[in-house]
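*Asks:* Quick one: structure below, then a few questions.
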Amino acid sequence: MFPINYINTNKCINCMKFSSDIVIGLEIHVELDTETKLFCGCSTANAEPNTHCCEVCLGHPGSKPVINKKAIDFALKLALALNCNISSQLIFSRKSYFYPDMAKNYQITQYEIPLGKGGELKLKSGKPIGIVRVHIEEDPASLVHEGGMHVAKTVLVDYNRSGRPLVEIVTQPDLESPDEARDFMRELIRILTYLKIFDLNKGIIKADANVSIRESGYVRSEVKNITGFKEIERALNYEVERQRRAVKEGVHLKQETRSWDSAEGITRELRTKETEEDYGYIFDPDLVVTEITQDMIKKAKAELPELAQEKVEKFIEKYKIDKVDAEVLSQHLDLAELFERIAKKVEPVFTARWLRKELLRVLNYNKLTLEKSAIDEKNLTALLKLLIDKKITPQIGRKLIEDLVLTSFDVEDRVKKEGLAAVSDTAELEKLCKEAIEENPRAIEDYKSGEEKALNFVIGQVMKKTKGKATPNHVRKILKQLVR
Ligand code: ZN
Ligand code: MN
């Protein structure tokens, strides 16, 4: 009835030949940004513990799961974005184990036939990392150890999380350093946000990392529950060092599962590793096999947005912008899209530079995302046009961007009303320069006796008089003519 086509994700990597000093493979769980859970209508929103549950996600006898179509669409998009081959059937299995976080005593997951397999993700460096599989599964409940796992006397269970949709991504052991693992996570998160299937502010992304080193003959440990890309680098650096120290001290490393303690910055032994066979997988008889038709795949493919790496290439090729600017602008989809829209109206290299340097500076300073700021395309375009036409100085431009991030206003109006237009009128500037020369005789003397720097002080005084509405270069030119 079912094709017996097992993919053993737990193959003994000790028997494989490696060439690098460090070998890392990742298993990453991502919470998909759906409104309801994977097999019931319960909300996925954060709420008081145990208020978003029903008989299905609590595993009551007789309850039947019904698949969330949105979760399939999301996972399918991700599998396609990671260049996986898509299975023609969607098949779920039960992974049996006993633990308080799983009321049914089994987790519904995909084992024998994952949604996608044989994919690839390219790191920023261009190095391809193989994707073994992408599959859908339900999240267990969360266990709360008040005060920390090592001091809590009781464990609380919150079933709100039980049954939320996850997608699991398993890589080949192609990563050769904690750095590369961090880059992988960063790139994956960028793809997830471009696909709009993961909410970085609300959703959880967790990695389990298999890591081994040459010195031990590649005896691996699996480090569980690492959150985010900064943590993954830290956890792996610690674990690699721990293994190296152990080998040096003559300790015989064994295959084991360890937990990452982020607060203390160490990994701890959890258990020696069980094998996949121990879970006694069986196909779930409650869920009918769903066909994944060529039409479904075609439709999902058509809906795939241009991904960040494609945008970077396009920005460099088509708009001729700097590689670093292209990378930074592509980090967030909304910023990349804003850039592309403005670049149709204002010179792209100039636009890219201002968005990256000034807009991002102000957003970061105010701890705002583009979405939550008051920035709108029309005002920003107007501002950049004034800048590129030299109708306002960069100094005034920077000040206006600082205001535009916080409140929306008509830029041209503001420039007119507050008289912020650049002073390009040489006669007027000359008048101000003459004043400054008279007011600062000592600096002028110093300059005349060969101290170039003394002139900068006088330029500063003129800039003050114009309230930033002149460019320093223009002022310097006039001053030099006057002081000759
Ligand atoms: Zn439910
Ligand atoms: Mn899993």
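The values are calculated or read from the model by the stated rules, or taken from the named source; none is laboratory data. Owing to the predicted nature of the structure, the values given are computational and were not obtained by experimental measurement. When we count neighbours, we look across all protein chains shown, and the Cβ atoms used for this are built from the backbone with ideal geometry, even at glycine. Please note that ligands, DNA and RNA were not included when accessible areas were found on the heavy atoms of the full protein model with its side chains. Shrake-Rupley method; radii C 1.70, N 1.55, O 1.52, S 1.80 Å.
*Asks:* If you go through the stretch 421-466, how many residues are touching a residue at least 40 places away in the same chain (Cβ under 8 Å), open to solvent by 30 Å² or more (accessible area, probe 1.4 Å) and not in a helix (DSSP H, G or I)?
*Replies:* 2
*Asks:* Which residues, counting only those in the stretch 297-319, are surrounded by 12 or more Cβ atoms within 10 Å (Cβ to Cβ), of a type in the set (A, V, I, L, M) and not in a loop (DSSP other than H, G, I, E, B)?
*Replies:* Result: ILE297, ALA300, ALA308, VAL312, ILE316.
*Asks:* Considering only residues that are within 13 Å of ligand 1 (Cβ to nearest atom), part of a strand (DSSP E or B) and small (Gly, Ala, Ser), which ones fall in the stretch 19-45?
*Replies:* Answer for the stretch 19-45, where residues must be within 13 Å of ligand 1 (Cβ to nearest atom), part of a strand (DSSP E or B) and small (Gly, Ala, Ser): just SER43.
*Asks:* To continue, here is another question. Could you tell me whether the stretch 148-160 includes any residue that is surrounded by fewer than 24 Cβ atoms within 10 Å (Cβ to Cβ), within 16 Å of ligand 2 (Cβ to nearest atom) and in the same structural domain as THR34 (by TED's automatic domain parsing)?
*Replies:* No; the residues of the stretch 148-160 include none that is surrounded by fewer than 24 Cβ atoms within 10 Å (Cβ to Cβ), within 16 Å of ligand 2 (Cβ to nearest atom) and in the same structural domain as THR34 (by TED's automatic domain parsing).
*Asks:* A further question follows. Residues in the stretch 180-195: is at least one free of Cβ contacts under 8 Å to residues at least 40 places away in the same chain, buried (at least 21 other Cβ atoms within 10 Å of the Cβ) and within 30 Å of GLU48 (Cα to Cα)? Step through it out loud before you land on a result.
*Replies:* Keep residues of the stretch 180-195 that are free of Cβ contacts under 8 Å to residues at least 40 places away in the same chain, which gives none.
No; the residues of the stretch 180-195 include none that is free of Cβ contacts under 8 Å to residues at least 40 places away in the same chain, buried (at least 21 other Cβ atoms within 10 Å of the Cβ) and within 30 Å of GLU48 (Cα to Cα).
*Asks:* Would you list the helices (runs of 4 or more DSSP H) that sit entirely within the stretch 348-414 and hold 1 or more residues that are over 29 Å from LEU200 (Cβ atoms)? Before you say what the answer is, go through the steps one by one.
*Replies:* Details: elements: 348-354, 360-365, 377-388, 394-406.
In the stretch 348-414, the matching helices (runs of 4 or more DSSP H) lie at 348-354, 377-388, 394-406.
*Asks:* Sort out which residues of the stretch 109-150 are part of a strand (DSSP E or B), within 19 Å of ILE204 (Cα to Cα) and aliphatic (A, V, I, L, M), and write them in order of number. Write out each step before concluding.
*Replies:* Initial filter on the stretch 109-150 (part of a strand (DSSP E or B)): 109, 116-122, 128-138, 142-144.
Filter again for within 19 Å of ILE204 (Cα to Cα), leaving 109, 134-138, 142-144.
Those that are part of a strand (DSSP E or B), within 19 Å of ILE204 (Cα to Cα) and aliphatic (A, V, I, L, M): VAL134, ILE136, LEU143, VAL144.
*Asks:* Which one of these is surrounded by fewer than 16 Cβ atoms within 10 Å (Cβ to Cβ) and without any contact (Cβ under 8 Å) to a residue 40 or more places away in the chain: VAL251, VAL247? Full working, then the answer.
*Replies:* Details: VAL247 fails: surrounded by fewer than 16 Cβ atoms within 10 Å (Cβ to Cβ).
VAL251 is the lone residue from the list that is surrounded by fewer than 16 Cβ atoms within 10 Å (Cβ to Cβ) and without any contact (Cβ under 8 Å) to a residue 40 or more places away in the chain.
*Asks:* Looking at the stretch 18-30, I want the residues that are in the same structural domain as ILE191 (by TED's automatic domain parsing) and open to solvent by 10 Å² or more (accessible area, probe 1.4 Å) and have a partner that is at pLDDT 95 or above and within 16 Å of ligand 1 (Cβ to nearest atom) with Cβ atoms under 8 Å, at least 6 apart or on another chain. Which pairs are those?
*Replies:* Close Cβ pairs (under 8 Å, with a partner that is at pLDDT 95 or above and within 16 Å of ligand 1 (Cβ to nearest atom)) amount to HIS29/ASP139; HIS29/LEU166.
*Asks:* For the stretch 6-44, what are the residues that are modelled with pLDDT of 95 or more, of a type outside the set (D, E, K, R) and more than 16 Å from ligand 2 (Cβ to nearest atom)?
*Replies:* ILE22, VAL23, ILE24, THR34, THR36, CYS40, GLY41, CYS42, SER43, THR44
*Asks:* Condition check: charged (D, E, K, R), part of a loop (DSSP other than H, G, I, E, B) and over 25 Å from ILE316 (Cα atoms). Does LYS345 satisfy that? Steps first, answer last, please.
*Replies:* Details: charged (D, E, K, R): yes; part of a loop (DSSP other than H, G, I, E, B): yes; over 25 Å from ILE316 (Cα atoms): no.
Spelling it out, it is not the case that LYS345 is charged (D, E, K, R), part of a loop (DSSP other than H, G, I, E, B) and over 25 Å from ILE316 (Cα atoms).
*Asks:* Name the residues in the stretch 155-187 that are within 16 Å of ligand 1 (Cβ to nearest atom) and part of a loop (DSSP other than H, G, I, E, B), would you? Before you say what the answer is, go through the steps one by one.
*Replies:* Step one: list which residues in the stretch 155-187 are within 16 Å of ligand 1 (Cβ to nearest atom), which gives 157-166.
Hits for the stretch 155-187 are TYR159, ASN160, ARG161, SER162, GLY163, ARG164.
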